[in-house]
Amino acid sequence: MVHTVIIGTGCHVPARVLTNQDLEKMVDTSDEWITTRSGIKERRISSKDEPCSFLATQAAKKALDMAQVKAAELDMIIVCTLTPDMLMPTAACLVQKNLGAEKAAAFDLSAACSGFLYGLATADNFIRNNISLKILVIGAEVLSCRVNWKDRNTSVLFGDGAGAVVVTGRNGKRGILSNHLHADGTLWKLLHIPGGGCVSPPSRQMLDDNLQYIHMQGRDVFKLAVRAMEESAREALESNNLSPQDIDLYIPHQANMRIINSIAERLQIPREKVYVNIHKYGNTSAATIPIALDEANREGRIKEGDLVMLNAFGGGFTWGASLIRW
Ligand code: UT7
């Protein structure tokens, strides 16, 4: 039985740390509010020299290193992002250039915070057709460029960073067991960036109206996220005849500690089996899961044969779950 296995992980975050105390000086907020409402203590912010493709490349190099795969061996690069360096070319093409991955096809994939799960599922399907492919899947974001630093409803939540995996095919029981992807475009308005696309192209008016920034109705998003993530997690388990008790490590999208706690409680996954790093990085959208996966992997939190669940939710709306036998 051919499965897609993760043979290397890596992550990279910018050096600059923005703490809750720093934010207290920028907007009407407090460390106490941010910590109790979201679980976030600090986040990383990119400089001009650290665009999306740079963070992605650094994360990719570490993943390639672990996988002992040379960039020239890569068949495909998928960068999951909603904050590419520019609209054209894709961040993936810039990563391909940076790595010198001459034979790799390269494209970006946009599914907001669920992007990495969509990217991993895409790579999985290519590999199920051709076991020998080596594919780099990266989640990379510079959300700080889309945050209105005067809006306390959103500015305290987001951060920058990148995580990457190298995947290939293997015969055996290990690898991605299944992916479960969903979307509901009717809910798009609850979380969106209205400006910069063809509906509101860049203009003085667009900037004056703050359309270039993330707009979010947090309370509604919160409730939908809990329900959708729980449902897709259960769907993934049921389709593999597994139960929540079988999960060795649960890696949820890191958007809000209270969302993570609610889902873990509903699924009855004990705290020690839930991977959390939201306090360090905040919500890095498509990058939260691959960053967490890499940190968990390097900390020795995942052993061969463990059942790992990835579970995400984001703008679009999009959501999903992947189950991996490590
Ligand atoms: O990546 C996936 C997408 N994103 C998410 O999953 C985010 C989902 N939503 C959330 O995480 C939460 O809804 C938030 C963290 C955004 C907000 O938490 P909440 O408990 O839902 O707060 P709220 O929006 O209901 O606001 C409660 C109060 C309001 O004041 P009033 O109206 O009760 O007087 C807000 O104005 O907190 C106020 N508030 C703040 N106060 C201090 C909102 N933001 C802040 C802030 N500092 N930064």
Discussion item. If I filter the range 32-48 down to residues being charged (D, E, K, R) and closer than 27 Å to residue 95 by Cβ, which single residue comes out as modelled with the lowest pLDDT?
Written reply: 48
Worksheet, complete the sentence: Picked from the range 211-220 (must be under 22 Å from residue 144 (Cβ atoms) and not polar (S, T, N, Q)), the residue farthest from the ligand (Cβ to nearest atom) is 211
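The rows are residues; the columns are (1) touching a Ser or Thr at 6+ places or on another chain (Cβ under 7 Å); (2) away from the ligand (no atom under 16 Å from the Cβ).
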{"residue": "278", "(1), (2)": "no, no"}
{"residue": "282", "(1), (2)": "no, no"}
{"residue": "298", "(1), (2)": "no, yes"}
{"residue": "307", "(1), (2)": "no, yes"}
{"residue": "315", "(1), (2)": "no, no"}
{"residue": "320", "(1), (2)": "yes, no"}
{"residue": "326", "(1), (2)": "no, yes"}
Worksheet item: Restricting attention to the range 184-208, which residues are part of a loop (DSSP other than H, G, I, E, B), within 17 Å of residue 114 (Cα to Cα) and aliphatic (A, V, I, L, M)?
Response: 193
Worksheet item: Could you say which residue among 19, 81 is assigned by TED's automatic domain parsing to the domain that holds residue 134, surrounded by 15 or more Cβ atoms within 10 Å (Cβ to Cβ), within 16 Å of the ligand (Cβ to nearest atom) and modelled with pLDDT of 95 or more?
Response: 81
Worksheet item: Taking residue 199, is it β-branched (Val, Ile, Thr), surrounded by fewer than 17 Cβ atoms within 10 Å (Cβ to Cβ) and within 27 Å of residue 86 (Cβ to Cβ)?
Response: yes
Practice prompt. Scan 127, 138 and give me the residue that is more than 18 Å from the chain's Cα centre (by Cα), surrounded by 17 or more Cβ atoms within 10 Å (Cβ to Cβ) and either at pLDDT below 95 or β-branched (Val, Ile, Thr) (or both).
Written response: 127
Discussion item. So if I check each of 223, 189, which one is near the ligand (Cβ under 10 Å from one of its atoms), out of contact with any strand residue (DSSP E or B) (no Cβ under 6 Å at 6 or more places or on another chain) and either free of Cβ contacts under 8 Å to residues at least 60 places away in the same chain or more than 18 Å from residue 320 (Cα to Cα) (or both)?
Written reply: 223
Worksheet item: Pick from 159, 175: which is surrounded by 20 or more Cβ atoms within 10 Å (Cβ to Cβ), under 30 Å from residue 62 (Cα atoms) and within 16 Å of the ligand (Cβ to nearest atom)?
Response: 159
Worksheet item: Does the range 158-171 include one or more residues that are within 17 Å of residue 115 (Cβ to Cβ), outside the structural domain of residue 291 (by TED's automatic domain parsing) and of a type in the set (Phe, Trp, Tyr)?
Response: yes
Worksheet item: Do we have any residue at all in the range 49-72 that's modelled with pLDDT of 95 or more, in a strand (DSSP E or B) and either of a type in the set (Phe, Trp, Tyr) or surrounded by fewer than 20 Cβ atoms within 10 Å (Cβ to Cβ) (or both)?
Response: no
Practice prompt. Only residues that are farther than 12 Å from residue 282 by Cβ and in a loop (DSSP other than H, G, I, E, B): list them for the range 23-48, please.
Written response: 25, 26, 27, 28, 29, 30, 46, 47, 48
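The values are calculated or read from the model by the stated rules, or taken from the named source; none is laboratory data. Just so it is clear, the structure is predicted and the values come from calculations on it, not from any experiment. With ideal geometry, Cβ positions are generated from the backbone for all residues, glycine too; neighbour counts draw on all protein chains shown.
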